[in-house]
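Read-outs throughout are calculated quantities, based only on the coordinates presented, and are distinct from any laboratory measurement. Small disclaimer: the values here were computed from a predicted structure and weren't measured. Positions of Cβ are backbone-derived with ideal geometry, glycine not excepted, and every protein chain shown enters the neighbour counts.
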Amino acid sequence: MDTLLEPFRYEFFRNALVVATMAGALCGLVGVYVVLRGMSYVGHGLSHAIFGAAIAFYAVGISFLLGGAIGGLVSAVLILLIARRRSIGADAAIGVITSAAFAVGIVILTGIGTFTRDLNAALFGNVLGVTPADVAAVAVVTLATGLTVFLRYRQLLFTTFDPEVAEVSGVSTAANDVVLAVMLTALITVCMNVLGVTLIAAMLVIPPVIGRLLTDSFHRMLWISVVVGTFSGFVGVYISYYLDWPSGPAVVITAALQFAIAYGISAVRRSRLPEAAIDAHVG
Amino acid sequence: MNELVTFDKVTCRYGKEPVLVNVDLGVSEGDFVGIVGPSGSGKTTLLRAIAGVVRPIAGHIHRDRGATVGYVPQVETVNWYFPVTVREAVMMSRIDGRVVPWASERDRHDADDVLDRLGIGDLGDRHIRELSGGQQQRVFVARAMLRRPKLLLMDEPTSGVDVRTRHDVMHLIHELHHDGLAIVLTTHDLNGIAAHLPKLVCLNREVIAVGRPQEVITPDVLERTYGAPLEVLSHGGMPVVVEHYPEIEEVERKVVPLREGHHGHPA
C-alpha cells in the first residue's frame, strides 16, 4: 500500500496529478464539439500555431501563456475568415496559417538561442515540472469552459448538429463559433506544458471517439468523453511515475488503450445488431 | 387572412451573384404554397429569406411579429451519424429562456405531445438513423413544431424518398395544414407534389408565375422557368407534365428491334 501511495508524498506529483486530471477532463469536454464538427485537424493545427506564437511573444518579453493565447485567437479568427470566403477550403486555411505561425516560432527560437523554457515540455508535456501558476491557469480554464458548456449546452449542440436550422431558430451560430474558438485556444494554451502541443490533438480526439463508439446519445457521449479524459489524465500521470515515462505520452497511451477496449465492445455489439441498425453506429 | 410574410421587390445575393431578383410574394395564415424551379433557381434561398436568415440587398421583407417560423431541412443534408436520439433532436429547438442543459418537465411533456401527435411517440430513445424515411422526416417536423410555429418551411420534404414514403410525408403535411398551419415547401416533383398543392410559385431567380397548378403548370410558364420545352397533359382536371428525351428515344427505337431479332424476345 505504501508503494502505491508513495508518489503522493511529493507536492510536485500531487500538482501534476491535479493538473493532468483537469486537462484530461477539459480535452474530453471540448473535444466532443471538435470531433463532431469534423475539426480534429484544427486542434492539431492550432496547437502548432499557439506554440509558434508563444515563442515569438516570449522572445520580445511577453508571457509565454499570453503570447500563445493571442497567437491562437488570431490564428482561429484568420482560419474562420479565410474559410468563410470559400476561395480555399477550411482544411487548407488551417494548414497555411498554423504551419506559418509554427515556422515563425521555430525561426525566432533558433535566432534567440536562449530559450529558458523547457522546449521538450512544450512539445511533449511534462506535468512533473508544472508551476502553481500552471495549475491555477488550467483550473480557471476548466471551470470557465465547464460553465460555458453548461450555460450554452443546447445552443452549442444545435449549432454543431444543424447550423442552418439553428440560425433559423434564433441561435447565433457565429457567436457559438467564436465561443468554441476561444475555448479551444484557451485549452491548448494552458495545457501546452501539461500534455505538450503534439499530444493535445490526440487527447482532443480519443476520448470523444470512445464516447461515440459506446453511445448514440449526445449527452451520454459528452459524459463518457469527460470521464475517459479525466481517467486518462489521472492514470497516465500515475503510471508515468513508476514507469519513468514522459507524462504526455503516458496519458495518451492510457486513452489509446481505452479506445482499443471500446472498439472491441463496439465491434461485439455491431455483430449482435440486426443488419438494418448497423449503419446507425460508427465503427 | 393575416399576412405572415410579405416580400416587396426583394433582391438577395451570395457574393456577387444575385440569387433572387425583384421578388414580390405574400404568405398568409393558412396558405399552402409550393415553390418550384430548376436547381440553382433560388428556392432554398427564398425559404431562408422567408425565415429571416438571408437579408435582402434591395427591397423589403415584412414579417408579422407573431409569426414564429419552423424550418424542416432536406433530410439529405442531415448528418445521420451524429449521436442524437429522436428526443434529443426534437428538444434542440427549445432554446428560449432556459439556461440549464436538462429539459424541464414542461419541455419533456411538450416534446412527448408532439412526438405522439406525429405518430413516433414510442421512438424517442432511438438513434435518428434507426428510423424509416417517413419517420426521419417526422423527427424534423416535430423539432420545428416544438417551436409552435405559425409558418412551417420545408426544403424538399420528399426528395430522395420512395413513393410510399412520399405519400406518408404528404399526408402528414396536409394534416398539419388542416390544423391551421401555413406551409411553404420547395419541390422538384411537379406531378407527384406540386400539381396537388393549392398554390405554386414558379421561380428562376425571379418569380415567373404565381397561381393554382392549373394556371401555372403550362408549357409557356414551364419553358420560362426551366428553360426547356415541356409538354403538359390534363388528367382528370390535373395538369401532368410529360418529359421527352428525343435523342434517347430515337436511339432506343433503333436498338430495340435489333435485340428482339437476336434474342427472340424484347430486351
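Starting from the Cα gyration tensor of segment A:148-265, take the square roots of the eigenvalues, sort them a ≥ b ≥ c, and report rounded, prolate or oblate (rounded when a/c is under 1.5, otherwise prolate if a/b is larger than b/c, else oblate). Display every interim value, and only then the final one.
On the way: a/c = 3.14, a/b = 1.70, b/c = 1.84.
Since a/c reaches 1.5 but b/c is at least a/b, the shape of segment A:148-265 is classed as oblate.
With springs connecting C-alpha atoms under 10 Å apart, model chain A as a Gaussian network and identify which of A:THR142, A:THR98, A:THR215 has the largest mean-square fluctuation.
Comparing A:THR142, A:THR98, A:THR215 in a Gaussian network model of chain A, the most mobile one is A:THR215.
For chain A, with only Lys/Arg (+1) and Asp/Glu (-1) charged at the beta-carbon, what is the dipole magnitude about the Cα centre, in debye rounded to 20? Can you show the working numbers first?
Values: 14 positive and 14 negative charges, 69 e Å.
Once rounded to the nearest 20, the dipole reads 340 debye.
In whole Å, what is the distance between the alpha-carbon centres of segment B:62-136 and segment A:1-43?
35 Å
When 1/r is averaged over all different Cα pairs and the result inverted, which Kirkwood radius in Å belongs to segment B:1-150? Spell out each step's value before the answer.
Working: mean 1/r = 0.0580 Å⁻¹.
Answer for segment B:1-150: a Kirkwood hydrodynamic radius of 17.2 Å.
Ratio to report: Rg/Rh of the protein assembly as shown, with Cα atoms as the point set and Rh obtained by the Kirkwood method; give two decimals.
On the way: Rg = 28.5 Å, Rh = 26.7 Å.
My calculation of the ratio gives 1.07.
Using a 10 Å Cβ count of at most 15 others and DSSP loop calls, identify the longest part of chain B lacking such trypsin sites (Lys or Arg not before Pro). If you can, show how the numbers build up before the last one.
Working: sites that count: B:LYS16, B:ARG65, B:ARG98.
Counting only loop sites that pass the neighbour cut-off, the longest clear stretch is B:99-267.
Excluding residues on the same chain fewer than 8 positions from B:LYS43, give the aspartates and glutamates whose Cα lies under 12 Å from its Cα.
B:ASP155, B:GLU156, B:GLU206
For chain A, set up a GNM with springs between Cα atoms under 10 Å and report which of A:VAL32, A:VAL149, A:VAL194 has the largest fluctuation.
A:VAL149
Let me spell out the model: positive unit charges on the Cβ of Lys and Arg, negative unit charges on the Cβ of Asp and Glu, origin at the Cα centre of segment B:106-199. What dipole size does that give, in debye rounded to 20? Before the final figure, lay out each step's value.
Values: 13 positive and 15 negative charges, 53 e Å.
Computed about the Cα centre, the dipole is about 260 debye.
Which value, in debye to the nearest 20, gives the size of the charge dipole of the protein assembly as shown about its Cα centre, when Lys and Arg are +1 and Asp and Glu are -1 at the Cβ? If you can, show how the numbers build up before the last one.
Values: 44 positive and 51 negative charges, 236 e Å.
It works out to roughly 1140 debye.
Need one word for chain A: rounded, prolate or oblate. Basis is the Cα gyration tensor (sqrt eigenvalues a ≥ b ≥ c); a/c below 1.5 gives rounded, then a/b vs b/c decides. Don't skip to the end; give the middle numbers.
Values: a/c = 1.83, a/b = 1.10, b/c = 1.66.
Oblate shape, in that a/c is at least 1.5 and b/c is the bigger or equal ratio.
Taking chain B as a Gaussian network, Cα atoms linked when under 10 Å apart, which of B:ILE95, B:ILE120, B:ILE57 shows the biggest mean-square fluctuation?
Greatest mean-square fluctuation among the candidates belongs to B:ILE95.
Out of A:VAL179, A:PHE64, A:GLY236, whose Cα points farthest toward the positive end of the dipole of chain A (charges: +1 Lys, Arg; -1 Asp, Glu; placed on Cβ)?
Sorting the options by dipole projection puts first A:VAL179.
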